[in-house]
Amino acid sequence: MEQQFNRHRRLRSSASMRSLVRENHLRPEDFIYPLFIYEGENIRNEVSSMPGVFQVSMDNLQAEMEEIVAHGIKSVLLFGIPKTKDACGEQAYHDHGIVQVATRYIKEKFPEIIIVADTCLCEYTDHGHCGVVEGDKVLNDESLELLVRTAVAQAKAGADIIAPSNMMDGFVTAIRAGLDEAGFTEIPVMSYAVKYASAFYGPFREAAEGAPQFGDRKTYQMDPANRMEAFREAESDVAEGADFLIVKPGMPYLDIVRDMKNNFNLPIVIYNVSGEYAMIKAAAQNDWIDERKTVLEMLVGMKRAGADLIITYHAKDACRWLKEEE
Ligand code: PBG
C-alpha cells in the first residue's frame, strides 16, 4: 500500500530516541538569579507573593551565596533596598550604597560568580519612579546623569555587567560613554532594551519596595500591544553599543524574543519576571500543576523561542532538577 502519511512517532518511540533528537537544552549557565539585598541587619524576609525568594541583609548574604553556588548557579542580578530614599535616589550611586557593598563582598568571596548590576533608580527614589521627577513628569535627559553615576559606582565596586532597566532614551549611549571615561571599557552593557509596562511586575515591587507613588510607568516602558516598537527600541540600543538585549517580561512575549533573535546578533536575554513566578508557585502550592514539569517546560520553551539566557527566580530549583536528571 502506498504511504499516505508521515510517521512522526518514529522519533518519539523511547526516552533515548527522544533525547537523541532533542533540539533545545537547559544548562545551569543559562540562568541569572535575581537577589534582593536589604540594607540593615539580621534580615531574611520571604517575599509573600514570591515563596522561596528572600530579601537578605549583608549578614545573611554569605549563606545565600553558598546556597546559590551549591546549586550550580553562575550569575546573579543584584537589586538593592536602601534604608533611606530621596528624590534623586542617591543610594543608587553612593560608594556605600547597598548594591556596591554587596558587589564588593561577592567579588571578594565568590570571584567566579558573574555579578550583573541592575542599574535603575526606582528602588532608591522616594517617589518610586525610575528617573528624576518634576511635577508629574519623569524627566529623560536629567535622569541620564544619575544613571551614569550609578553604573560607574557599580563598575567600581566590581560588577561584571551593567544592566540598565530604567527605559530612559539614550541610556546606553550615556552609560557606555560614562563607563569608558571612567576606564571601564571592558565592562559590557546588558540593556533592558525591550521592556513593557507590565502588570506582571507586581510581586517584584513588593520584593524591591519600588512601586511608583503616583501614576504609572507608561511614559517610559512600552505598550504591551506593540511589536514594531520593540524593533525601534532594540535598533537604538544596538546602535548605542549594547552588548546584550533583554526582553521583559518573558512568557507573554515569546514572539518578541523570537523577533529579536532573528534580527539582532547579540545574546538575547529573557526576563522571566516576578508575576510569572508567582502564578506558577500559587498553582503548584494548590497542587493544580506539577511545579517541576511546568517550570522546566516553560524554561526550555524560552530557549526554543530564542533566548540565550534566562533571568529567573526559578534558577535554584531548575539547577537542582537538572542535576537530578543527569
Ligand atoms: C526596575 C525593575 C523592575 C523589574 C526589574 N527591574 C520593576 C519595574 O520596572 O517596575 C521587574 C522584575 C520582575 O517583575 O521580576 N525598574
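If GLU2 satisfies every condition in (1) surrounded by 12 or more Cβ atoms within 10 Å (Cβ to Cβ); (2) more than 22 Å from ARG320 (Cα to Cα) but one, which is the exception?
Single failed check for GLU2: (1).
Quick check on segment 54-77: of everything there that is surrounded by 18 or more Cβ atoms within 10 Å (Cβ to Cβ) and in contact with a Pro (Cβ under 8 Å, 6 or more places away or on another chain), which residue is farthest from TYR277 (Cα to Cα)?
Among those that are surrounded by 18 or more Cβ atoms within 10 Å (Cβ to Cβ) and in contact with a Pro (Cβ under 8 Å, 6 or more places away or on another chain), it is LYS74.
Go through (1) in contact with an Asp or Glu (Cβ under 9 Å, 6 or more places away or on another chain); (2) part of a loop (DSSP other than H, G, I, E, B) for VAL101 and report which single condition fails.
Evaluating VAL101 over (1) in contact with an Asp or Glu (Cβ under 9 Å, 6 or more places away or on another chain); (2) part of a loop (DSSP other than H, G, I, E, B) leaves (2) as the failure.
May I ask you to list pairs of residues, at least six apart or on different chains, whose Cβ atoms are under 9 Å apart, with the first in segment 304-325 being farther than 23 Å from SER49 by Cα and within 16 Å of the ligand (Cβ to nearest atom) and the second being open to solvent by 10 Å² or more (accessible area, probe 1.4 Å) and outside any loop (DSSP other than H, G, I, E, B)?
Qualifying pairs under 9 Å: ALA307/LEU254; ALA307/LYS261; LEU309/GLU29; LEU309/SER75; LEU309/PHE244.
Please go through segment 192-218 and pick out each residue that is basic (Lys, Arg) and within 8 Å of the ligand (Cβ to nearest atom).
LYS195, ARG205, ARG217
Can you name every residue in segment 123-151 that is open to solvent by 10 Å² or more (accessible area, probe 1.4 Å) and in a strand (DSSP E or B)?
VAL132, VAL133, GLU134, LYS137, VAL138, LEU139
Return the residues of segment 195-236 that are closer than 24 Å to ASP86 by Cα, surrounded by fewer than 14 Cβ atoms within 10 Å (Cβ to Cβ) and of a type in the set (Asp, Glu); say none if nothing qualifies.
The one that is closer than 24 Å to ASP86 by Cα, surrounded by fewer than 14 Cβ atoms within 10 Å (Cβ to Cβ) and of a type in the set (Asp, Glu): ASP216.
When you look at ILE114, is it open to solvent by less than 50 Å² (accessible area, probe 1.4 Å) and in contact with a strand residue (DSSP E or B) (Cβ under 8 Å, 6 or more places away or on another chain), yes or no?
no
Would you confirm, using the coordinates I've provided, whether ALA153 is out of contact with any strand residue (DSSP E or B) (no Cβ under 8 Å at 6 or more places or on another chain), within 10 Å of the ligand (Cβ to nearest atom) and of a type in the set (Gly, Ala, Ser)?
For ALA153, the condition - out of contact with any strand residue (DSSP E or B) (no Cβ under 8 Å at 6 or more places or on another chain), within 10 Å of the ligand (Cβ to nearest atom) and of a type in the set (Gly, Ala, Ser) - is not met.
Give the residues of segment 219-237 that are more than 11 Å from the ligand (Cβ to nearest atom) and in a loop (DSSP other than H, G, I, E, B), sorted by residue number.
Passing the criteria: THR219, ASP223, PRO224, ALA225, ASN226, ARG227.
Of all the residues that make up segment 245-294, how many are within 16 Å of the ligand (Cβ to nearest atom) and open to solvent by 40 Å² or more (accessible area, probe 1.4 Å)?
4
Can you name the condition, by its number, that VAL189 falls short on among (1) within 16 Å of the ligand (Cβ to nearest atom); (2) over 29 Å from SER48 (Cα atoms); (3) open to solvent by less than 50 Å² (accessible area, probe 1.4 Å); (4) in contact (Cβ under 8 Å) with a residue 60 or more places away in the chain?
Tallying (1) within 16 Å of the ligand (Cβ to nearest atom); (2) over 29 Å from SER48 (Cα atoms); (3) open to solvent by less than 50 Å² (accessible area, probe 1.4 Å); (4) in contact (Cβ under 8 Å) with a residue 60 or more places away in the chain, VAL189 fails exactly one: (4).
The values are calculated or read from the model by the stated rules, or taken from the named source; none is laboratory data. Everything numeric here is computed off the predicted structure, so don't read it as measured data. Note that we place each Cβ from the backbone using ideal geometry, even for glycine, and neighbour counts take in every protein chain shown. These accessible areas exclude ligands, DNA and RNA; they are computed on the full protein's heavy atoms, side chains included. Shrake-Rupley method; radii C 1.70, N 1.55, O 1.52, S 1.80 Å.
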